[in-house]
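Notes follow once the structure below has been shown.
The values are calculated or read from the model by the stated rules, or taken from the named source; none is laboratory data. Everything numeric here is computed off the predicted structure, so don't read it as measured data. Please note: Cβ atoms are built from the backbone with ideal geometry, for glycine as well, and neighbour counts cover all protein chains shown.
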Amino acid sequence: MPKSVMTRSVFTRAAGSAALMMGSLAVAQVAPGPSVNPRAVWSNPPETFTTRVVASGFEDPWEVTWGPDGFLWITERTGKRVVRVDPASGIRKVAVSIDDVYQTLAQDGLLGLALHPQFLRGSNYVYVMYTYDADPGPAEERRAKIRRYTYDPASQQLGEPLDVLTNLPHGPDHGASRIVFGPDGKLYASRGDHGSNFLAYYCVANRAQELPAAADVAARDWKGYEGKILRLNLDGSIPDDNPRFNGVQSHVFSYGHRNPQGLAFGPDGRLYESEHGQDTDDEVNRIEAGRNYGWPLIAGYKDDQYYTYANWSASAPTPCASLEYGRDVPSSVPRTKESDVSFPDFTPPLKTFFTVPSTYDPRKLGNATAALAGLDVYASPAIAGWSPSILVAGMASGVVYRISLGASSAAPLTYFKAQDRYRDLAVAPDGRRIYAVTDAHGRTTTVSGEMTATLVHPGALIEFTYTGTPTSSSP
Ligand SMILES: [Ca+2]
Ligand SMILES: [Ca+2]
């Protein structure tokens, strides 16, 4: 495909997702009264914070991580740079610019970053995940790789690039590519479903349920890695205790994912993940080895609510290419109810966002996912009652959600509501400062609940400092 064919425009509807509210508890809010905007349902939690823009002008910051050097490490997706930012002064230092990054779309470029657990204690390694063009000629072959750099504290530069795992398929949409270290010393990496069976790519079969064949693994053909969480050794090889699927061992750790942009381990040693839903059912999951998270046959819970899988590429007798994609699914497109799916290893989400009944009419209310992105597990005693909680960034909602892991039945609370798209989060070791990076472009929700393309803090690093929790009995 020529490099110039794809444009950002095919993503505008997905990027325009609006926020409604959280979890199945929000169902009652779907039918709005004449004066109630259902998108403007923000929590009013008691904790107070001050807000400060630490630095701005980043070119689509995608990952923010607190480093043991006291700096925030940020990847710029379209800027193709790893930048270190001093949180006190906002001064930024470019650690490396990666010319090899190939970026033309909304979900490619320089993405994930993970610091070695022994960083500045003997293993000064930084792992990044990014897209590159594997075709040496004018054609385009978008692939993803994980590369290791070595940090030199004297020059404050990243050098000695070493490719760890290359040739991972990376589609035109739904790129995921978050990477984290596990307490087991392995690297975990998320892969999106390429946006297949959706919008401009509706005639491309979705492969999130496909599992690698032995011959593919032997040939190092990673085509079965779409819509998966991967687990790898630090040299890129397949850990010998990875799960087997149909007898085949690969990098695949779990499957059935849509666009898992959030990935983090908690203090309990468990892996948590967030993924951006299609129209409904953003998910926060607890990821376990060998499990199936349902997509694209099950979205959110297996509850036969609004979401029903429609397999456009299997349309017959009318071929998919003759169909126009839309909410009205033609009768030639096979549909599968969630209750008709039998996945022995299906694992339901820990929490869903905007789970709505089958009577939900998006024409009246609009598309309303929170558009979940980066996720962190808060495990500090600094804010009373928070540990342990999941913090997850909402892009279209313009909030940070907190999900208590101690009281998992509690509805998520919203914090830091702004007319911004929060892409990723980091927590300082003192537990009092929470950092967010924001998208440079895109649509989000105003405080009153209207969709807007005007962002207040585009491409910024924002600091929220905890200042206390006034008691509710105060006058
Ligand atoms: Ca799922
Ligand atoms: Ca469902």
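The table below lists the values:
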read-out: Residue check for residue 121: in contact with a Pro (Cβ under 7 Å, 6 or more places away or on another chain) and free of Cβ contacts under 8 Å to residues at least 60 places away in the same chain; value: no
read-out: Matching entry among 175, 192, 227 (being on the phi > 0 side of the Ramachandran plot and modelled with pLDDT of 95 or more); value: 227
read-out: Pairs with Cβ under 9 Å, 6+ apart, first in segment 236-262 and outside any loop (DSSP other than H, G, I, E, B), second within 16 Å of ligand 2 (Cβ to nearest atom) and acidic (Asp, Glu); value: 262/275
read-out: Hey, residue 251 within 14 Å of the chain's Cα centre (by Cα) and either modelled with pLDDT of 95 or more or within 16 Å of ligand 2 (Cβ to nearest atom) (or both) or not; value: no
read-out: Matching residues in segment 181-196 - criterion: being surrounded by fewer than 24 Cβ atoms within 10 Å (Cβ to Cβ) and either assigned to a strand (DSSP E or B) or among the hydrophobic types (A, V, I, L, M, F, W, C) (or both); value: 181
read-out: Of all residues in segment 268-318 being β-branched (Val, Ile, Thr) and more than 15 Å from ligand 2 (Cβ to nearest atom), the one that is surrounded by the fewest Cβ atoms within 10 Å (Cβ to Cβ); value: 318
read-out: Per-region count, segment 166-180, residues assigned to a strand (DSSP E or B), buried (at least 24 other Cβ atoms within 10 Å of the Cβ) and touching a His at 6+ places or on another chain (Cβ under 8 Å); value: 2
read-out: Flag if residue 469 is farther than 20 Å from residue 65 by Cβ, in contact with a Pro (Cβ under 7 Å, 6 or more places away or on another chain) and not small (Gly, Ala, Ser); value: yes
read-out: In segment 421-447, the residues that are more than 13 Å from residue 77 (Cβ to Cβ) and of a type in the set (A, V, I, L, M); value: 425, 426, 427, 428, 434, 436, 447
read-out: In segment 202-248, residue nearest to residue 190 (Cα to Cα) [restricted to those that are among the basic types (Lys, Arg) and under 21 Å from the mean Cα position of the chain (by Cα)]; value: 228
read-out: Candidate set from segment 283-310 (those that are hydrophobic (A, V, I, L, M, F, W, C), assigned to a loop (DSSP other than H, G, I, E, B) and within 12 Å of ligand 1 (Cβ to nearest atom)); member that is nearest to residue 188 (Cα to Cα); value: 295
read-out: Selection from segment 325-365 of residues that are at pLDDT below 95 and either over 14 Å from residue 283 (Cα atoms) or exposed (fewer than 13 other Cβ atoms within 10 Å of the Cβ) (or both); value: 326, 327, 328, 357, 358, 359, 360, 361, 362, 363, 364, 365
read-out: Residue within segment 210-228 that is in a strand (DSSP E or B) and either more than 16 Å from ligand 2 (Cβ to nearest atom) or touching a residue at least 60 places away in the same chain (Cβ under 8 Å) (or both) present; value: yes
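For (1) under 26 Å from residue 171 (Cα atoms); (2) crowded, with 23+ Cβ neighbours inside 10 Å; (3) out of contact with any helix residue (DSSP H, G or I) (no Cβ under 8 Å at 6 or more places or on another chain); (4) of a type in the set (Val, Ile, Thr), each residue gets a yes or a no:
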| position | (1), (2), (3), (4) |
| --- | --- |
| 44 | no, no, yes, no |
| 53 | no, no, yes, yes |
| 65 | yes, no, yes, yes |
| 97 | yes, no, yes, no |
| 114 | yes, yes, yes, no |
